Amino acid sequence: MPKAIIFDFDGVIVDSEPLHYQAFVLVGKSFNFEFTWQQYLTQYIGFDDRDAFRYMLAQAIEGGYTPDITDLQKTLNDLIEKKQRAFEAIAETGTAAILGAVELIEEAADAGLPIAIASGATHADIEQMLRLLKIRDKFDIIVAADDVEHSKPDPTTYAMAFEKLAAKYPDANLTPQTTLAIEDTGAGLASAIGAGLQTLGLTTTSPPKVLEKAGRVVEDLAGVTLTTLNKWYG
């Protein structure tokens, strides 16, 4: 069975994509940019906030918006900060876990299986929602958008999470081939595959076709246990 599991965050541990969408919409209005939930699912899923706002600004400019941007990085940082505040307020009103996610995390942690998070979300987002779900103590290793120059689909996020796990658990003799990544987007799946990991795809966010390169694709984590993973990947 997999000797370690690396979880994506949004759409794998928490059902947070609708919350991110609401926060992006609120901030997008500040530069006259609006987009639908379906556009979010098809065009923005897998981006971190930095790349999402780059894309949003480019789309807004194509649509005729003429922003006064003398320092693009400062503009991006300001937008990211506004979105962070909006997201934190929205998340506090209610955060739901993906079916079966908390149970699998708790089982893996109790069994001493090395686990980590590799996400395009920020550390602030992740910390807040882990706290709300009461599972912050289950994870020692979290690699977030803040930690990498290039987020998913670049493999760096997953490669870094694996390296940290291997260093923390030297006696486990971890290899990428014995480490399972759980993902819900095409960009995230490409990142995990690029890092050489085994993969499980969840259709919580993306349709099965987007995840067809995963080792296995399921609807969510309901009923998925370490025994289940052993049967699938053993």
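Pairs linking a residue in the range 73-93 that is in contact (Cβ under 8 Å) with a residue 12 or more places away in the chain to a residue that is assigned to a helix (DSSP H, G or I) and of a type in the set (D, E, K, R), with Cβ atoms under 7 Å and 6 or more positions apart or on different chains, are 76/50; 76/54; 80/49; 80/50; 83/49; 87/125. If you go through the range 135-162 and keep only what is under 15 Å from the mean Cα position of the chain (by Cα), of a type outside the set (Phe, Trp, Tyr) and either in the same structural domain as residue 46 (by TED's automatic domain parsing) or part of a helix (DSSP H, G or I) (or both), you end up with 145, 146, 147, 156, 157, 159, 160, 161.
Exactly one residue among 224, 210, 217 is surrounded by fewer than 23 Cβ atoms within 10 Å (Cβ to Cβ) and closer than 20 Å to residue 106 by Cα, and that residue is 224.
Which one of 224, 210 is of a type outside the set (D, E, K, R) and in a helix (DSSP H, G or I)? Even if it seems obvious, please write down each step before you answer.
Values: 224 fails: in a helix (DSSP H, G or I).
Exactly one of 224, 210 is of a type outside the set (D, E, K, R) and in a helix (DSSP H, G or I), namely 210.
Got at least one residue in the range 120-127 being over 16 Å from residue 80 (Cα atoms) and either not acidic (Asp, Glu) or not assigned by TED's automatic domain parsing to the domain that holds residue 182 (or both)? First the steps, then the outcome.
Here is the first cut: in the range 120-127, the ones over 16 Å from residue 80 (Cα atoms) are 127.
Filter once more, keeping what is either not acidic (Asp, Glu) or not assigned by TED's automatic domain parsing to the domain that holds residue 182 (or both): none.
Within the range 120-127, not a single residue is over 16 Å from residue 80 (Cα atoms) and either not acidic (Asp, Glu) or not assigned by TED's automatic domain parsing to the domain that holds residue 182 (or both).
From the list 189, 165, 174, the one residue that fits, being of a type outside the set (S, T, N, Q), buried (at least 19 other Cβ atoms within 10 Å of the Cβ), over 14 Å from the mean Cα position of the chain (by Cα) and not in a loop (DSSP other than H, G, I, E, B), is 165.
Taken over the range 139-153, the criterion of being of a type outside the set (Asp, Glu) and either in contact with a Phe, Trp or Tyr (Cβ under 9 Å, 6 or more places away or on another chain) or buried (at least 17 other Cβ atoms within 10 Å of the Cβ) (or both) is satisfied by 139, 141, 142, 143, 144, 145, 148, 151, 152, 153.
The values are calculated or read from the model by the stated rules, or taken from the named source; none is laboratory data. Just so it is clear, the model here is predicted, and its values are computed rather than measured. Here Cβ is always computed from backbone atoms with ideal geometry, including for glycine, and neighbour counts include all displayed protein chains.
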